[in-house]
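Structure first, then comments.
The values are calculated or read from the model by the stated rules, or taken from the named source; none is laboratory data. Keep in mind the model is a prediction, meaning the values are calculated, not measured. Every residue, glycine as well, gets a Cβ built from its backbone with ideal geometry; the counts of neighbours run over all protein chains shown. SASA here: full protein model, heavy atoms, side chains in, ligands and nucleic acids out. Shrake-Rupley method; radii C 1.70, N 1.55, O 1.52, S 1.80 Å.
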Amino acid sequence: MINPADCPYYLISRITLQVTSALKKEFTSVGITDVKPAYLGVLFTLWRKDGLKVVELGRQAGLEPSTMTGLIDRMEKNGLLYRDADPNDRRVQRVYLTKEGRSVEKLTMEGVDHVLSKIFKGIPGQELSRTMDLLKRVLKNAQEAGKQ
């Protein structure tokens, strides 16, 4: 019988749950109540380039189209962003940060950095860089496997 700690899926799942929990606690402790860890990919993307088409935002954030609608709905309800028709094609929706969505960037990033510094404590930079490369390859492989 396999030990759960020897299963990569188990480890990835447990890490995801623990990091998500740590981020939620950090955001709450600094008064960020409307930002959820699930929003980070969208926020990171819009902080770099606001006003993206929904499809492009999902692609850049690494999210499936089926995930985007519900996520954007929740973020809009939390006052972080809004959708507006593209001025050149009213069938296309663009997503924009609200004033609130822009104002939480600094505090959110400080929270993310604080949590990640604790999580990666004691791991040398070169080892962390190799780990990031490995995780990117695993993510790419998982995405390709999901398409089959």
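General remarks:
- Test: residue in region 42-55 that is out of contact with any strand residue (DSSP E or B) (no Cβ under 9 Å at 6 or more places or on another chain), among the hydroxyl-bearing types (Ser, Thr, Tyr) and either buried (at least 17 other Cβ atoms within 10 Å of the Cβ) or over 16 Å from Lys99 (Cα atoms) (or both): no
- Set Leu107, Leu80, Leu139, Leu134: member being closer than 26 Å to Val30 by Cα and open to solvent by 60 Å² or more (accessible area, probe 1.4 Å): Leu107
- Note on region 47-82: residues that are in a strand (DSSP E or B) and at pLDDT 95 or above total 3.
- Scanning region 83-104 for residues that are open to solvent by 40 Å² or more (accessible area, probe 1.4 Å) and among the polar types (S, T, N, Q) yields Asn88, Gln93, Ser103.
- Of the listed requirements (1) at pLDDT 95 or above; (2) of a type in the set (Val, Ile, Thr); (3) buried (at least 16 other Cβ atoms within 10 Å of the Cβ), Thr20 misses just one: (3).
- Within region 110-131, the set of residues being open to solvent by less than 60 Å² (accessible area, probe 1.4 Å), within 17 Å of the chain's Cα centre (by Cα) and of a type in the set (A, V, I, L, M) comprises Val112, Val115.
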